[in-house]
Structure formats: C-alpha cells, structure tokens
4 protein chains.
Amino acid sequence: MKTPVAVVGATGIAGQQVLAALDGHPMFEVAALAASERSAGRNFEEAITDPSSGMRRWYVESAEPNRDVLRLEVQDARSLRLNDAKIVFAAVESDAARELEPLYARHVPTISTARPFRMEPDVPLVIPGVNLDHLGLVREQQRRRGWQGYIATLPNCTATGLAITLKALDLRFGLESAVVTTMQGISGAGRDLPALDIVENIIPYIPREEDRVKIETCKILGALGNGTIDELPLKISATCTRASVLAGHTEAVAVGLKRPATVDETTAAFEDFGREFTALGLPNAPQRMITVHRNPMRPQPRLDRDAERGMTTSVGRIRPDEVLPNGIKYLLVSHNAAMGAGRGAVLLAEYLLRFGLAG
Amino acid sequence: MKTPVAVVGATGIAGQQVLAALDGHPMFEVAALAASERSAGRNFEEAITDPSSGMRRWYVESAEPNRDVLRLEVQDARSLRLNDAKIVFAAVESDAARELEPLYARHVPTISTARPFRMEPDVPLVIPGVNLDHLGLVREQQRRRGWQGYIATLPNCTATGLAITLKALDLRFGLESAVVTTMQGISGAGRDLPALDIVENIIPYIPREEDRVKIETCKILGALGNGTIDELPLKISATCTRASVLAGHTEAVAVGLKRPATVDETTAAFEDFGREFTALGLPNAPQRMITVHRNPMRPQPRLDRDAERGMTTSVGRIRPDEVLPNGIKYLLVSHNAAMGAGRGAVLLAEYLLRFGLAG
Amino acid sequence: MKTPVAVVGATGIAGQQVLAALDGHPMFEVAALAASERSAGRNFEEAITDPSSGMRRWYVESAEPNRDVLRLEVQDARSLRLNDAKIVFAAVESDAARELEPLYARHVPTISTARPFRMEPDVPLVIPGVNLDHLGLVREQQRRRGWQGYIATLPNCTATGLAITLKALDLRFGLESAVVTTMQGISGAGRDLPALDIVENIIPYIPREEDRVKIETCKILGALGNGTIDELPLKISATCTRASVLAGHTEAVAVGLKRPATVDETTAAFEDFGREFTALGLPNAPQRMITVHRNPMRPQPRLDRDAERGMTTSVGRIRPDEVLPNGIKYLLVSHNAAMGAGRGAVLLAEYLLRFGLAG
Amino acid sequence: MKTPVAVVGATGIAGQQVLAALDGHPMFEVAALAASERSAGRNFEEAITDPSSGMRRWYVESAEPNRDVLRLEVQDARSLRLNDAKIVFAAVESDAARELEPLYARHVPTISTARPFRMEPDVPLVIPGVNLDHLGLVREQQRRRGWQGYIATLPNCTATGLAITLKALDLRFGLESAVVTTMQGISGAGRDLPALDIVENIIPYIPREEDRVKIETCKILGALGNGTIDELPLKISATCTRASVLAGHTEAVAVGLKRPATVDETTAAFEDFGREFTALGLPNAPQRMITVHRNPMRPQPRLDRDAERGMTTSVGRIRPDEVLPNGIKYLLVSHNAAMGAGRGAVLLAEYLLRFGLAG
C-alpha cells in the first residue's frame, strides 16, 4: 500500500520535477493534483496541452509524464480536496505559497520548495542528510499555529550545495567565514531567461540571490534550540553569477576554519559526511552525500551534475587558502534541479514517512 | 617618418594580434618579420597560406592582414636581421622566448608577451598606466647583462585586469589581501581547447594559472627599489576557471584594504585611476583605465570586453565584503587579447618611444 | 537641413534598431517618437528606464541611445503628432501595425517592418537594391485608398538574404525552383526565446516562417504589372530551423535555373548584382549587395554577419547541385537585424528621399 | 560462456565507444586490446593514464571503463595475438585501418568503423536493420582474398541516419532523388575541433563529408547482386555543416519518390520499418528503428539524440515537398556516436554471432 500524496503547482517546472521524482516511486502514489484556477477542472493531460498547437508543456527533459497522472483531475489549489493525501508537495511561486501553504499545513505535512516560510522562526529549513534534526521545530509550529500538519521548507538551490559542504566542515573543524563565487546554471532561472542574454556570456548579478544564500545557509547550519533555530554566526561573502551552462551550479568556495585542517583531513571530512543518513537507504538518497574528485579537472557541471541522479554534491580542487585564517578552498557542483528542488523534496518526504513524521 | 619595428612570432596568434594593432599605426611601421625556421624564406602571405587548401591561417577575426605586411619576407627568428628595427615585439611560446629574446635584447628594446623573463629580478613586468616606473630596471638590466637593448615583459592576461584594479585601490587605501575567482574566455587558451570540453560547461582548473596570477600581481604592484622590485606583500587567493565565453576574462574580486573605504570612495578610486597616463593620449591608450558600471547587470564579457578597443578594464557591482577586514568586492571584465596581449604590447612601445626609452 | 522623421515603436527592439541606424545620420533627424499608451507622455529616457531598478531597456548592444533622442517626448502611437516628420518608421507588432500604419500613411510615407500589409496587392514589399521598381505601386495605393502618403513594407528577415541572392540569379539565368534550409540566429526570435530551449541545440520548427519565406520571396521577385505585382511562379521548398547562434541567418540554398550556369558564371552573377544601386552611394548601402567567399569555410555567421555593417549578403560554397535541373547550390549568411530590419528600413528611406518619393 | 572479442584502437574515442558498448554485455567479453606501438606492453589503465598529471584519457562521458578491461594488456596492433577472440572491432584511423584490418580479417571477422574498405566491391557496408543481406558479400570476399575471416564496415555517421530513413521510403515508394542539409554535432569531429571555431557559430563545410554521404548511401541502398552491390541510382545533393551542438546530427531531408505518398503513408512507412530486425531482440537493437514525432518542435538533438540509447533515428516534421516530384520532406536526428559508431558496431557483432556469421 503506497502512501497517497498531493502535488500543488503541477503545471509548473518545479511541480513537474516533483512528479518526475514520484514516477514509479516505491512508497508514494500521486492522489491529487492542483494548480491555479485557470487549469482547474481539466485532467492533467488537458491542463498541460496547448489548445492551439496540441503540444504538451512538460518541462522535465529526462522523463515523460506518468500515464496515470495524465488522467488525474487538476484541482484549484485554493480549494484542494486532499483525497486522503498524507503529504502535500507545494511547488508554487512565492506569492501563491504564502497564501496556499497554510491551507494545507492546517491538515497535513506540507513540503515547500518556495521562499515565504523559509525564515519563519518555527518553520524548519532542511536539507536531507544535513539538518533533519531541525524538524523538531514542527511541534512548536503546530502548537503556535494550531495546525495538525506543518510546513517544512527546502532551501534555495544555490544554498543547497554550499550548506552541504559547509556542514561537513563545521562538524569536524568549526567554521568562521566563507567566501563563495557561484557560476549558476540556466535552469535555475527557469524559462524566463532569454537566450540573447546568456549565450556566450556571463551575467554578473542574480537579484536577491546573494542575500538568500547568506541567510538560508546560516539557518541551515544553526542549532535547534528551544523551539527555534540559533543561526550559525558565520560570515559569508557571496557573489552569484549566471553562466552559459544548462544545469548545475558550480561554486568556488574558500572557508576559514576554527581549527586547522590539511587537504587530506578536509577530504576525509567530505567523504565521511552523512553516512548515517545514506545508510538509511531511502529511495532518492545518494550513496554519498559528497563525492570528492582527485582529478583537478573535475567537477565540471556537464560531466558531474547528474552523478547519483543529481543527489550527490561533487567537490574537487581541495587546497589551502592563502587569505582566510585556517583557510581551505574547493569547488563544488550541485544539481540545482535535483537535490536542490523536486527530487530533494521527495527525499525529504521519504524521511518523514520512515520516521513517523508523516503518513 | 615612422619608427621601424620587428615582429617575431608573426605566424602565431599572439604575433598576429601585434600585427593587427600595428596596422595603420601613426608611429610605427613593420620592417621585419620572423617566425620558426619552417616559415623562413617565404613572404608572409605564403607563410600563412595552407598549401593544400589555399586558406590563410590568420587568427584575428576583427581584422585582415595589412597588404604591405603580406609581402614582407618572414625570417628565421634565430638569425633575424633587424633591418633598422628599433623595437622587437617577441610574441612566441615560452621555450622559444627563453632562447630568442636575449638575441634581440642585446641590440634593441624587446617587448615580450611570454613568460620566461617576467620574474627575473632585473626585468620589468609592466602594464602601461600601472607601473611604468618599473622600466627604471632596464638600466640595471643593461649593466648586468652588457646589452644595448633590454627585455620588457607584459604579464599573464588574467593578472592584467586584476593588477590594474588592485593598483587603483592600493594607491588610495593600501592592500592587505585579495580573493579572486576567474571565469576566463576561451581565446585565452588559444586554438588548443577542444569544443567538446567547454561547450555548455565550466572547466574548474587551468594548469599553473593561479600561481602566475599570484606572483605576477605581487611583482607588478611592487615598488622599484635599488635595481630590483620589492614585491608587494599581498596575500592572494586565486581560483581560475574557464567559461563558455569566446573572449574576455571575468573576475570576481574581494579585497581587504589597509584603510576602510566606502563604495563611493572605491568608485572614485577606480575612476580617477591612471588619468596622468591616459592624458598622454598615446594611440592605443584608453580614455579611462577603468570604466565603472552602476548597472548591477554589468560588466558582462560579451557586452563589455570590446569597450575602448579592449583597453579599458570594466568594473561593476562594487559593494562591501562581509569577510575580509575593510573588505570591498567587485567584478571586472578585461579583454585578454587586447590590453592583456598584442595591443597592450604596442601601447607599451608607444610609451617607450615617447619617453626616449626606445627609437 | 536634415529631413525630420518619426519612429513608432521606439521602446521595442525593432524601433530601437531604427533609432540606432538613424544616430548621426547625414540626411535624417528624429523629430517624433511614439509607442504604446503606457509609455506616452514621458521622455524617451524615462520611457525606457525601469522604475524599480533604474536600468535602461535598450536592446542594441553595439550602440548607445542618442542623447537628443533620450530627451524627446514619447507620444501615444494612436494620436501621433508628426511634428513635420516627412517619413514614419513603423516598427511595431502585427496587431498594432494593422491599426496604426494607415493612420500615418494617410499623411506621409510610412516604412513598415511589420507583416500585415506586406501581401496587400497595392503595397510594395521591397528590398533596397532588389526591387525598388515595385515602389511604382504607391501611386495605385494612394489612388485606391485616398491617402497622401503610403505604406512601403520590408520583408521577413529570412526572406531578405534569400531574395537578394535569388534575384541575382533570376536576372541572369531565370529561376525554376529553390530548396532552402535555414539555420537562423536567436535574435530573430527576439527576447522571447528561452535559453533553456536553444543552448547546445537546434529547434527544427519556427511557426509560420516557412510560409512567409515562400510567399514573400515570390512577391519580391515578381514583376510590377498594371497597378499590381505578378508574383514569380517559383517553386520554393523551405525548412526553417533555429540554431545556437546569436545573430545572422545561415541558409543552404539549392536552385534550379532556367538556363545552365557554371560556378564561375554564378559567382559573377552574384558579384555583379546591384551595382547600379550601390553606386548611388546611399549612406547605409553596402559596397556590394553580395560578397562571395572562395574559402569553403566561409561564410560563417559569427565571422561574416557584421560585414559592411550587416548590409551585404555573404555567399560561399557555390557548386553544382546534383538533383535540381540546371542546379546550383550555395550557402549564405545575412544579418537578420541589419538589412533585414532597422538599418534596411533606413536605407529604404534614404532612397525615397533621394528620388523624391518622400520629403 | 561469452564469446571473446578484441578491440583495436582502444585508446582512441571510437575504440572506447566500442568498449563502453561492450561493458556488461550478455554475449561478449573483451579478450584482447590493441593500440599503436606507443601504448603496447602496458595495461589499459596505464595506457590511458597521462604520466605527468595522472589523469585518464577516457572520452566516453556517460560511462567509466570496465575494471577488468583496465587490467588487460594493450598489444601492438600490428602483432595482435587474438587470444581466441572470435571477432575484432577495428576502430582506428584510416591509414592504420588500411594496413591493419587485412591482418585480422585473414583469421576472423573484423568489424570496421573506418573508411578505407567501405567502397571495396567485395566488402559489405552495412547498417544493422537496413541492409544486413549485404553480408552475403563475405563469401565472395573470402574467396577472392583467401581469408578465413572478412571485413564488414559501418558507414560514416552522417550517412547512417539518412540511409535508415531513405531505406524505409525506398522499400515502400521507391526513391528518385534526395536533397539533404546537415547540422552535425561537434563530437563527430572528435577532439580536434577548436572551441574558438564553433562556439556561437556554424561552420559551412566539412571536408569530404558530402561526397562520403552520397557514395556510401547509394551503396547501402543498393541491391546485392552476383558477388557485388548494384548501387542505387539515386541522385543525392548534400550540404554538410557543423553546428554548436555537442552530439547528434540533425538532417533536413527532401526526397523525390517514385510513387506519391501522403504524410500518413510516409509516417507509416517510417514506423513500420525494421520490425523484423527489432523483433530479434538483439541486446543493442532499438525497439523501433525509426521514431516518428508528431510535435513539430521535435526532433531536437539535445532532447532526442539519446532516445533508445542513441540507437533509434528520430524523425519529425513530415510534410509534402514543393519542389521535388512526389516530394516528401522531414527532419531527422541521429546519434553520431551510437548507431553511427561504437554501439552500432557491437549491434552488428550481435547479429553476426546470432546468425552464425561469426563465433
């Protein structure tokens, strides 16, 4: 018996990534779909089919939509009947998320890929394998808000790979500071980025991204206190750029540690990280949270973004940093549309179900 | 009466960039050409024409070779007759440079774009408008080596934009440290970079580049002491990557200053920099050494690399840095094949001639 | 004394290309600007400045907007006061063009880059240097419609390079058929083409493009009859694709001729074409309508699209075709945003003024 | 018991594609490896490891080399001991192929991806599922040459997709003529194509490619006569260009048929093609030789090249052609490095083994 789930935002890119990660899933089945009023009342196939051209607006290049899902009715997200769904995946824009997610969380656990609730003090901002203990916040959230369910959020895709690697270092050496320069893939900007802007080019600015990376990373790395998160007092300097790469965020990171670490010790910290979590064997979990490359020509976004279905963070070029005290630097590649999006949300749901936090 | 000059390495990319910058030049005329033994004895047109296909190997996309130059004989670089040339432009590979440049420097000033002599204590490593006072070294060089001419070198193209902007900040605020991440254009790798490696990708490593950036920048920013350069004791952390951009190096720079500076003061330091030099009105000098963009979406390599024929360094996104003490950060775009290569070499020659150091 | 002109659609890409081609023009000055109601009442600088970010929406990468033009008031296109403008450049979307162009043409010659009137029997569809005799239609148009001015249209940018080269062949050898496959640049799709769709890819279909190429080409190549155009009965097979190239349309063309032609005769037909027109020395005219490359590696869009400021059509690889009777084939590169758009419109205006058809 | 095979050219791209297709193969195991004298005597891992950097020269991005194969000794291709290998895959350059392939074919069936023997009258040039009956030539080949084995060749990767689709049409409607324009992927040029040439560009010429497409296609489509192939008297006009696409050849094809065909009939001819072959269920065979897309936006090389592991030919935009008699046109995408290379060679071997032509 699979656990029924609902997917809100099913006609958009983020929602379709969730649907693709749920296709053939051993634990979940899609019981309800929702989108904006415009799509409501039609089945999913009709809802994503352009009426004039007959073409489907399905954005996950590596997969086709599931046949059963194509026949499901798309409901109006504002009046979603849950059909016994035990978890809601809310993959909608910020404004919609602010309004819709409390409607669902009143009843069932709601996993959000959107921004509005990420920094609320009683809402966990989690990366599977990194800070699942923050889910302890949901009791406080339920108490304060009088909800039976809760909202659990996933971070900005650029913060994801950074926070995973920083957590590995913080656990073993302690963190003082981080300087990060990102070269982000096009898919992170969705379908709004005109080809004219990015072909054979670099765009030096992504509005609001640097602030999000800073504040979200500090919350993720924080400690669960008494019904709240004590953010890690980490100084972060971020420069976020867009590169002419389809998917995968590349990040050049320099960190200042509390205690000195050699390259070998840093490598071991990365390779050892997250073993307890990966040992759970959840369906969408990677074998290794972090994959370390010895070849200095790696990681490359085109070659490494899809490693372990985009769920591992690939790290390379570990070496001492000349400027930061106890400095170490490295590059990472993280798949923005996998661990940092729909598949990461499904992995979180797998954990919730396994440990009785949902279902 | 124009001053005759010689160009060595005329069949290669770097030499052809020098030739393009000399085309129609008001002060110089090309009096002699040289290349490897293989090309010697033919005129330039024959030397760059593929015998089987009849196609020319001319690599400067924006220009055609000069008609008079096409008729010049290509000499063997090892036995170059100078034909009264008063300056030699040596644009050859490292191994050839080590052997050939002393042959010419024995007689005349030799401007080198190659690496071997850059870090020699008696050889100036100069960027026009930045550290031309280092040319004071040439007396010592002539004395030590018994040469009538001398070697003056230009830096690695990645160090060029970095050193220009750092110099502006050092003059006004003093420098403690710099963390730089580069996203370098393909043309910096020449014709050896396979398309298969870089299309829709980022390469995280450029062999030896990070070390060169560090040591060359410290020399350029150093002070001319008694017959030598006292390198600036600046801590530099560099990560050099290759991006899918045809030309132009983009660099994300964070600097720690000796004295605090606001964004406005930093902007003024950049905009005021090099005025005395640009006021000389040398033919290939830019109007401004540094062009500051207020639009956070700039500089972009495709839009800004060709500003002022590639001779200005474009800077944007000036803002405080959260990690480095008295930290400021910014991005820059520098044309690797203009100020950082052939056209920069010709600009240096213009200065040498104007101030009696050659001719 | 320059002739005053008006530019409608000044806030869009096409209108801005017209403005860029008019900047510093020896014959014209911009006397009036218009756009949609939304922009009306503000000066051009305000109209193109994003109020939240302060950034300008100016889309012509190679030029900055003219300072005098920045201060001009933008009028509502529906109630444009002409301010003595003697020519209107209408560079607007199809729906707007259908409504607006007759308003202006009632009073003054109106040059349109839009589609709605192209195929009207009394409206000339012209390419400067190809079929300017079609302007003879305007008398009929004025008579029928009771206008003092008239509408003259420019073709689809993909038809432009094709029609130029076919006309050269038709004049000398006669045409029976043409099979064309295009690889079109991104800028032809404007800012609507998502980077996700085209990076490292080819899109095999451009809606409606193939039909336009066919019908417009036959009209352009037609003969001016008695108040109408007798379309050339040319069979055209077109396949239009989008390539990962920023600008420039590349077209592989095979033609069946009425009379056999050798490669040399074809080359001569191309090189001789349009001499009378180019001899007029109009400011935006190319030196040669068609530039023939002997190097089989040319033309390439990146290297050749900007030849003669994008106003020449570059042709190469002329050779016999194995399938079509009296067949010849070749490739061409044509700059879709120059001769095929704003600069072509200005060149047409130059001709109208010189020959008393406007002003 | 798997059948032992040998792979010659194991250190090159083509040979490594064969090795990747053989990895985990149910019928074959790699018993011998060979390469040039330079690599001989070392094991495969040493042979592909750069001694200075320690990096592996392994070019198949989607796979890692098999561990057992890494330990195999690389022999000198000129003195290959077959170690009981029953089939040799010869994946070497033309010059080497001319010399080496007869050495192996003297003893065992030799499958060649190289050019030299393709057009020999007694050598079959085959595409699995298209003209396997041409293997009937090998008896004649053995008789004439006195060999126990034989050479069977695979065509140029650009001819592959063309010939597959033309064969489907020839079987049902008969063929008169074909006009093809290709937009070929970068990987077809191997690692020799400089990024500087192709980024944001189209190269209009691929030396010798058009002739190969013509002659090889006519041979593949020919009929097996009495110990020779009667080439199909098909007029083919080919224009071969290189596009900025990593892999996958896109081809726009117009064909003139002997008998008229509607779009639906053409679609059926494509979809029905090769059923007997695919029904054999050979491990590397596709489910369908040709996959027809109804969505006019498909096929696209990035989205469709990997369909069925690159072994199906994706076709779309089937429509009447306006120029050719009984004309039909379409676009296709074929993976140049799969059916057109290593994996196609392994599929051929599977057929040879199944039908007793090898083993």
Can you give the FRET efficiency for B:V263 and C:V263, using 1/(1 + (r/R0)^6), R0 = 51 Å, r = Cβ-Cβ distance, to the nearest 0.05? 0.25
Cα pair distances exceeding 27 angstrom across region A:157-334, given as percent: 25 percent
Which lysines does C:K2 reach when only Cα atoms under 28 Å apart count, and residues fewer than 8 places away in its own chain are ignored? C:K86
Counting every Cα pair in chain C, what percent are over 33 Å apart? 26 percent
Take the cross-link list D:K214/D:K329; B:K219/B:K258; C:K235/D:K258; C:K167/D:K167; A:K214/B:K219 and give me the ones stretching past 27 Å between alpha-carbons. C:K167/D:K167; A:K214/B:K219
Here the Cα Rg-to-2.2 N^0.38 Å ratio for region D:270-359 is 1.23
Residue among B:K329, B:K167, B:K258 with the largest mean-square fluctuation in a Gaussian network model of chain B, springs linking Cα atoms under 10 Å: B:K258
How far is B:E73 from itself in the other copies, in nm, if each label sits 7 Å out from Cα along the Cα-Cβ line, shortest first? 5.7, 7.3, 9.2
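What is the dipole size for region D:158-334, taken about its Cα centre, with +1 at each Lys and Arg Cβ and -1 at each Asp and Glu Cβ, in debye to the nearest 20? Before the final figure, lay out the partial values.
On the way: 21 positive and 22 negative charges, 42 e Å.
Dipole magnitude for region D:158-334 comes out near 200 debye.
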Using Cα-Cα distances under 8 Å and only pairs 6 or more residues apart, what relative contact order does chain C have, in percent? 17 percent
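Residue separation times 0.36 nm, minus the C-alpha to C-alpha distance between A:E64 and A:Q287: what's the value?
Values: separation 223, 0.36 × 223 = 80.28 nm, distance 2.54 nm.
Contour length minus the Cα-Cα distance gives 77.7 nm.
What are the equivalent ellipsoid semi-axes of the protein assembly as shown, built from the alpha-carbon gyration tensor (square roots of five times its eigenvalues), in whole angstrom, biggest first? Can you show the working numbers first?
Working: eigenvalues 403, 392, 322 Å².
Rounded to whole Å, the semi-axes are 45, 44, 40.
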Other copies of D:L103: label-to-label distances in nm, shortest first, labels 7 Å along the beta-carbon direction: 4.2, 7.4, 8.1
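Using Cα-Cα distances under 8 Å and only pairs 6 or more residues apart, what relative contact order does region B:157-334 have, in percent?
Details: 362 pairs, mean separation 49.8, N = 178.
Relative contact order for region B:157-334 comes out at 28 percent.
Given the Cα-Cα distance of B:R294 and B:S94 and 0.36 nm per residue of separation, how much length would full extension add, in nm? Please list the in-between numbers first.
Working: separation 200, 0.36 × 200 = 72.00 nm, distance 3.98 nm.
Here the segment from B:R294 to B:S94 would lengthen by 68.0 nm.
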Give me the orientation-averaged projected area of the Cα convex hull of region C:114-260, in nm², one decimal. 9.5 nm²
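Which FRET efficiency, nearest 0.05, do C:R191 and D:Q148 yield, Cβ-Cβ r, R0 60 Å?
Working: r = 65 Å, r/R0 = 1.09.
Efficiency for this residue pair is about 0.40.
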Would you work out which of A:T181, A:T165, A:L196 lies farthest towards the positive end of the dipole of region A:163-250? Charges go on Cβ: Lys and Arg +1, Asp and Glu -1. A:T165
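Relative to the Cα centre, what is the charge dipole magnitude of chain D, using +1 at the beta carbon of each Lys and Arg, -1 at the beta carbon of each Asp and Glu, and rounding to the nearest 20 debye?
Approximately 360 debye in magnitude.
In deg cm²/dmol and to the nearest 500, what is the mean residue ellipticity at 222 nm of chain C if only DSSP H runs of at least 4 residues count, each as -39500 (n - 2.57), divided by the residue total?
Only helices count here, giving -8000 deg cm²/dmol.
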Only Lys, Arg (+1) and Asp, Glu (-1) charged, at Cβ; the protein assembly as shown dipole about Cα centre in debye: 0 debye
Using a 10 Å cut-off on Cβ to Cβ distances, tally the other chain neighbours for every residue of B:183-193 and report the average as a whole number. 3
Inter-copy separations for B:G356, label at 7 Å along Cα-Cβ, nm, ascending: 6.8, 9.3, 9.9
Can you tell which of C:T110, C:N43, C:A97 lies farthest toward the positive end of the dipole of region C:1-130, using +1 and -1 charges on the Cβ of basic and acidic side chains (Lys, Arg; Asp, Glu)? C:T110
Residue of chain C whose Cβ sits closest to the axis mapping C onto B, with distance in whole Å: C:E200, 2
Which one of C:T278, C:A252, C:T239 is farthest out on the positive end of the charge dipole of region C:206-293, using unit charges on Cβ (Lys, Arg +1; Asp, Glu -1) and the Cα centre as origin? C:T239
Cα→Cβ-extended label distance, 7 Å offset, between D:E120 and C:A223, nm: 6.0 nm
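None of the figures in this text is laboratory data; all of them are computed from the coordinates on show. Fair warning: this is a prediction, and the values are worked out from it, not measured in the lab. Ideal geometry is used to build each Cβ from the backbone, glycine not excepted, and the neighbour counts take in all protein chains shown.
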